[in-house]
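Scroll down for the structure; my scribbles are underneath it.
The values are calculated or read from the model by the stated rules, or taken from the named source; none is laboratory data. Please read all numbers here as calculations on a predicted model, not as lab measurements. Cβ sites come from the backbone with ideal geometry, for glycine too, and all protein chains shown count toward neighbours. What goes into the accessible areas is simple: the full protein's heavy atoms, side chains included, and nothing from ligands, DNA or RNA. Shrake-Rupley method; radii C 1.70, N 1.55, O 1.52, S 1.80 Å.
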Amino acid sequence: YAARLTAHLASFDGVLDQTVGLAYSHDRTDVVQPQTPAALNTGERRKADWQGNIHLAASDTLVLGAEYERDEIDQPLAASVHISSGYAELQSQLGEHLFSALNVRYDDNSLFGSKVTYRFAPAWVIQQSDTKLKASVGSGFKAPTLSQLYQNFPPFFYANPNLQPESSTGWDAGFEQGLAAGTLRFGATYFYN
């Protein structure tokens, strides 16, 4: 079962738009298959998060956020991890054609340490021809979950307690083109990770 509660507040004539959330979930999975040992997996997740959108100007929005998550498993062994995160994004329109998003995120994982990731995504929009030229560059970080480390789901998945986090850096560039007065769009994007 899972539950999520959120509250939303807009203040200062819409300049600050905030959302706070609390979530809880409990999982129980029994796997019983012929010629395979039975597997029981149970666990819980608790999460609290806040996001604030600050409208700095008609063309600029600053997004700030914080999250705290705690995962626990009880079966087949007891283990837990907590992750504290913070992020910021600046969404801007510079002139008539240039749009951009600049992101930074900090994650502190109790099992795998801390990591800062980023993303920069500019776009050039030509209104008259309904054309968008876009690109982005950024980094990523993904730590193994407790389930990936310790819980088996035979015969499809077997845990590996030796897994390490994955990091990546990548970029992409592409275009989108509108046709038939905006009723049809096509595009292409090249990416590299």
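Values for this structure:
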| read-out | value |
| --- | --- |
| Sulfur and carbon atoms: percent of accessible area, region 84-193 [1.4 Å] | 60 percent |
| Accessible area in square angstrom per residue, the chain, 1.4 angstrom probe | 63 Å² |
| Filtered GluC sites (Glu not before Pro), region 63-163: DSSP coil and at most 16 other beta carbons within 10 Å | Glu96 |
| Rg followed by Dmax, in Å, when region 29-139 is reduced to its Cα trace | 21.4, 66 |
| Region 25-172: relative contact order as a whole-number percent, Cα under 8 Å and 6+ apart | 16 percent |
| Chymotrypsin sites (Phe, Trp or Tyr not before Pro), loop per DSSP, at most 15 other Cβ atoms within 10 Å - longest free stretch of the chain | 13-155 |
| Top positive-direction residue, dipole computed over region 1-96 with Cβ charges, set Ala48, Val15, Val31 | Val31 |
| For the chain, built as a Gaussian network whose Cα springs stay under 10 Å, the top-fluctuating residue of Gly21, Gly170, Gly178 | Gly178 |
| Within region 86-193: Cβ-based charge dipole about Cα centre, in debye rounded to nearest 20 (Lys, Arg +1; Asp, Glu -1) | 100 debye |
| Cα gyration tensor category, rounded, prolate or oblate, for region 154-193 with a/c compared to 1.5 | oblate |
| Charge dipole (debye, nearest 20) of the chain; +1 at Cβ of Lys and Arg, -1 at Cβ of Asp and Glu | 260 debye |
| Positive-end residue, region 47-121 charge dipole about Cα centroid, Cβ charges, pick of Ser84, Ala58, Phe120 | Phe120 |
| Region 78-193 pair-distance distribution - Cα-Cα, 5 Å bins, rounded % | 2, 9, 15, 14, 14, 11, 10, 9, 7, 5, 3, 0, 0 |
| Pairwise centroid distance, computed over Cα atoms, of region 27-57 with region 119-193, Å | 23 Å |
